[in-house]
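Read through the structure below, which is laid out as structure tokens, and then see the notes.
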Amino acid sequence: MYFDAVVAGGSVAGLLCAREIASSGNSVLVIEEDYEIGTPEHCGGLVSTRGLERLGIIPFGKTFDHIIKSAIIHAPNGSSFSIDSKKQKVAEISRRELDKQIAHQAQKNGAVIKVKTSFQELTEEGVRTNDGEIKCKIFVDARGISSLIHKDREGILSSAQYEIYADWIKKGQVEVFFDQEKYPGFFAWIIPSGEGKGKIGVAGKGIKVTEVLEEFLEERGNYSTIRKIFAPIWIKGPIKKFVETKTVIVGDAAGQAKPTTSGGIYTSGMGGILAGKAISKFLKSNNESDLEEYQKTWTKQFGEEFEKQLWARKILERVDNNTINKLFELVTPEIIKEISEKDDFDFHAGSIVKLLGVKGSVKTAQALIGSELKKLLR
């Protein structure tokens, strides 16, 4: 059996990569180790409608849940502020249905998709799977965090996310909770799927995520759990090389999730698209420099944004709760208004700078968080 390309991983990045390869008339096989495309659903499901459009996706009714209207950000001491997110057009979507929708696009372009088929190793002529050997010219690694776990443990945090029913979940209202003692280096979140239903999660360095999440839930009030998800998240940014000989790495496997939030539908999806275009060009030219264009193009689009997010992450890992509380005091109504009206959900490093209390308060902020701030402002 021969395919021009074999993609291991049937999620957003892998499926979009396959869609692009197949659209140029090349043969491509997607292998997914789970029994269903879109399962298990690890993602929080937030993406801008602009981002989906850039990925070439108009969500089906099953895919699209609702638009997020506001985000409430909580400090450790209980203070908070609210960002109006209507202009940013952030949608909460079903990842299970989104992945299936992209799979349908890829299949219509000519891709073949097989579930319960796992990648085992590269061979001289292609790849070996649990279902036998497949010859191919290009292998695309889109297996997600599992490809990174054995390479760099420092970039991985444990996380837990429960899908629950609770009357304190409000449709259209995301909530984020910072507390360096409970969620060191990260935060807790509430992402609504509708009125009284949503995804509640926590992540942090060196914590027992189940215990921490259940304590968080008990503090909120009554709830019923309908699904539990435990999955590592990657926060260290892109890996050094997206292309290794005839292996092309995309999505979470390439570290294309945001270092600040670990969200990656758009950034990883664009990785898949750019890789697919580069692979298509290579299959026509047989010039390996065409493959290298993939990383150059992705870095040109997201490199500076990710660099700033990584510096913001370093700041978050350094500060304590007292500092976070003081930084919240620096956030003015003018800053909140500017973020609400002008900022882009898919490129949010600028919002982070403003929320660190920088605008109009540079000296105060520098006194709180030190020299790291200068690097973030470059």
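Taken one residue at a time, the phi angles of segment 179-185 give Karplus couplings (6.51, -1.76, 1.60, θ = phi - 60°) of 6, 5, 7, 8, 10, x, x Hz. Gly and Pro are set to x.
Using a ≥ b ≥ c from the Cα gyration tensor of segment 141-207 (square roots of the eigenvalues), is it rounded, prolate or oblate, where a/c under 1.5 gives rounded and otherwise the larger of a/b and b/c decides, a/b for prolate? Provide the component values of the computation, followed by the final result.
Values: a/c = 3.29, a/b = 1.68, b/c = 1.96.
It is oblate, given that a/c is not under 1.5 and a/b is not larger than b/c.
Residues whose amide H falls under 5 Å from that of Gly126, counting only those 5 or more places apart or on a different chain, are Cys136, with hydrogens built in the peptide plane. Looking at the chain, the DSSP beta bridges with both ends there are about 70 percent antiparallel. Approximating the spin labels as points 7 Å out from Cα along Cα→Cβ, the Lys62-to-Asn325 distance works out to 4.9 nm. The fewest-to-most ranking of Glu41, Glu292 by surrounding Cβ atoms within 10 Å reads Glu292, Glu41.
When the chain is treated as a Gaussian network with alpha carbon springs shorter than 10 Å, the biggest mean-square fluctuation among Asp320, Asp131, Asp34 belongs to Asp131.
Remark: the Glu121-Met1 segment gains 41.6 nm on full extension, using 0.36 nm per residue and subtracting the alpha carbon distance.
Please give me, ordered by residue number, the GluC sites (Glu not before Pro) of segment 89-155 that lie in loop per DSSP and have at most 16 other Cβ atoms within 10 Å. Walk me through the intermediate numbers first.
Working: sites: Glu92, Glu97, Glu121, Glu124, Glu125, Glu133, Glu154; in loops: Glu124, Glu125.
Answer in residue order: Glu124, Glu125.
For segment 269-280, 3J(HN,Hα) computed residue by residue from phi via the Karplus equation (6.51, -1.76, 1.60; θ = phi - 60°) reads x, 5, x, x, 5, 5, 5, x, 5, 5, 5, 4 Hz, glycine and proline entered as x. Could you work out how far helix 333-342 tilts from the main Cα principal axis of the chain, as a 0 to 90 degree angle to the nearest 10? Helix 333-342 sits at roughly 20 degrees to that axis.
The phi torsions of segment 242-250, fed into the Karplus equation with coefficients 6.51, -1.76 and 1.60 and a -60° offset, translate into couplings of 7, 10, 10, 6, 9, 9, 10, 10, 9 Hz, rounded to whole numbers, with Gly and Pro shown as x. Extension gain for the segment Glu33 to Thr299, taken as residue separation times 0.36 nm less the Cα-Cα distance, is 92.8 nm to one decimal.
Please list 161-167, 329-335, 225-231 highest first by mean number of surrounding beta-carbon atoms within 10 Å per residue. Before the final figure, lay out each step's value.
Working: 161-167: 18.0, 329-335: 15.4, 225-231: 13.4.
So the peptides 161-167, 329-335, 225-231, ranked by packing, come out 161-167, 329-335, 225-231.
Just add up the charged neighbours of Gly276: K/R +1, D/E -1, any other residue whose Cβ is under 9 Å from the Cβ of Gly276.
Charge balance near Gly276 sits at +1.
Alpha-carbon geometry of segment 1-63: the Rg and the Dmax are 13.3, 39 Å, given in that order.
Given an 8 Å cut-off on Cα distances and at least 6 residues of separation, report the relative contact order of segment 156-234 as a percent.
Details: 178 pairs, mean separation 35.5, N = 79.
Normalised by residue count, the contact order of segment 156-234 is 45 percent.
Averaging the inverse of every distinct alpha carbon separation and then flipping it gives the Kirkwood radius. What is it for the chain, in angstrom units? Intermediate results must be reported in sequence, preceding the final value.
Numbers: mean 1/r = 0.0467 Å⁻¹.
By the Kirkwood definition, the hydrodynamic radius is 21.4 Å.
Shown for His66, His42: other C-beta atoms within 10 Å of each C-beta, ranked fewest to most, produce the order His66, His42. Look at the alpha carbon pairs under 8 Å that are at least 6 residues apart: their mean separation over the length of the chain gives a relative contact order of 20 percent. Here Met1, Met270 are placed in order of increasing Cβ neighbour count within 10 Å, fewest first, which gives Met1, Met270.
No value in this document is a laboratory result; all are computed from the given coordinates. The structure presented is a predicted model; accordingly, all values stated were derived computationally and were not measured. With ideal geometry, Cβ positions are generated from the backbone for all residues, glycine too; neighbour counts draw on all protein chains shown.
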